[in-house]
Amino acid sequence: MNERIKIAIQKSGRLTEHSITLLQKCGLVISHTKDQLIGYGENMPFDIMFVRDDDIPGLIQENLCEIGLVGANVAIEKKLSYEADQSSCEFTLMSPLDFGHCKLSFAYPDSSIIRSIKDLEGKTIATSYPFTVRNYFTENKINANVTEFSGAVELAPSLGKADAICDLVSTGNTLRAHNLELGETIMESVATVLKSNAKQSQFKNMWIDKIIERINGVLQVNESKYIMMHAPKNAINEITNLLPGTESPTVIPLDGIEGTVAVHVVCKETVFWETLEDLKEVGASSILVVPVEKMLM
């Protein structure tokens, strides 16, 4: 009963609040103050470790933490670095999450003749993700020099350190401020769950599986809606086709109303007003859409 499972999350940054909220939606009550680097699970055997996101894959690799929430871009870079060192990767990328969206893209100086990856042959590219970029060049048979540049990668061309850069991009405003033009995207990334491959006790395995199952349940309901309506029985197929991400609907006969049934269905994608209007066109009525709080498959 004294066994505790450690979950590593970003100490401060764009993933922090989303990660905490996700764990809370899984039912975890976290005791934590602003300056603490460890949060304690009050109702489950989990401790939350607040660390630099770059350190999270390493903590999982060494089994110092059993679970991590980190950007896939960071996890993949570390995984490739382990493979380059011919050491085994001791973590698995599990569930992609619905936050932390970003992209890893090339950018070229406005004053340069470089306008695509075809122009990078023999050039120097600065990046904070050297293994990912080298892997991309290898796959695309481009012979270019990759130099690691930590922080403020946008400055590398103006400092004469590189001919182009490859960095995380959101709005592109930073690139434009440094006279850089957005190029090709080599990776779309979101936050993801990392799980240690190390052998755990039966107690830890039970709780690790439980929290991952709950995380998946939270993800399933984020856009899910429960829809109830009355409809002609012969319109069931049309209704099912109109609703995005549905499985087999529940069809309930209505007492005293011949040919009309109640239809209940979980829709796993966004339901727009246009969808409801299309349902009405095929004969549905009394349409009610309600949010889904929890789902366990």
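Once segment 67-117 is narrowed to residues that are among the β-branched types (Val, Ile, Thr) and assigned by TED's automatic domain parsing to the domain that holds Lys210, the residue that is surrounded by the fewest Cβ atoms within 10 Å (Cβ to Cβ) is Thr92.
Of the set (1) more than 14 Å from Ala107 (Cβ to Cβ); (2) in a loop (DSSP other than H, G, I, E, B); (3) of a type in the set (Val, Ile, Thr), all apply to Thr192 but (2). Just one of the listed residues (Ile67, Ile76) is closer than 20 Å to Tyr136 by Cβ, of a type in the set (A, V, I, L, M) and touching a residue at least 60 places away in the same chain (Cβ under 8 Å), namely Ile76. Of all residues in segment 119-166, those satisfying the criterion of being outside any strand (DSSP E or B) and among the aliphatic types (A, V, I, L, M) are Leu120, Val133, Ile142, Ala144, Ala152, Val153, Leu155, Ala156, Leu159, Ala162. Taken as a whole, the condition of being under 30 Å from Ser19 (Cβ atoms) and not in a strand (DSSP E or B) does not apply to Lys280.
Taking the conditions exactly as written (among the basic types (Lys, Arg) and modelled with pLDDT of 95 or more), does Lys233 satisfy them or not? No; evaluated as a whole, the condition is false for this residue.
Does segment 241-252 hold any residues that are within 31 Å of the chain's Cα centre (by Cα) and either farther than 21 Å from Pro291 by Cβ or part of a loop (DSSP other than H, G, I, E, B) (or both), and which are they? Within segment 241-252, Asn241, Leu243, Pro244, Gly245, Glu247, Ser248, Pro249 meet the criteria.
Filtered by the rule that a residue be of a type outside the set (S, T, N, Q), within 23 Å of the chain's Cα centre (by Cα) and more than 16 Å from Tyr129 (Cβ to Cβ), segment 161-175 gives a lone residue, Gly172. Restricting to segment 79-106, count the residues that are assigned to a loop (DSSP other than H, G, I, E, B), of a type outside the set (D, E, K, R) and closer than 27 Å to Leu175 by Cβ. Residues meeting the conditions: 4.
Could you tell me whether any residue of segment 39-52 is exposed (fewer than 12 other Cβ atoms within 10 Å of the Cβ) and among the polar types (S, T, N, Q)? Yes. Can you find, within segment 119-173, the residue that is surrounded by the fewest Cβ atoms within 10 Å (Cβ to Cβ) among those that are basic (Lys, Arg) and either farther than 16 Å from Glu184 by Cα or in contact (Cβ under 8 Å) with a residue 12 or more places away in the chain (or both)? Taking the candidates together, the pick is Lys161. All of Ala72, Ala84 fail the test of being touching a Ser or Thr at 6+ places or on another chain (Cβ under 9 Å) and among the small types (Gly, Ala, Ser), apart from Ala72.
Tallying residues that are touching a residue at least 24 places away in the same chain (Cβ under 8 Å), out of contact with any strand residue (DSSP E or B) (no Cβ under 9 Å at 6 or more places or on another chain) and within 30 Å of Gly27 (Cα to Cα) within segment 247-297 yields 4.
Could you list, in sequence order, the residues of segment 209-240 that are assigned to a helix (DSSP H, G or I) and of a type in the set (Ser, Thr, Tyr)? Matches in segment 209-240: Thr240 only.
The values are calculated or read from the model by the stated rules, or taken from the named source; none is laboratory data. Everything numeric in this text was worked out from a predicted model, so none of it was measured. Positions of Cβ are backbone-derived with ideal geometry, glycine not excepted, and every protein chain shown enters the neighbour counts.
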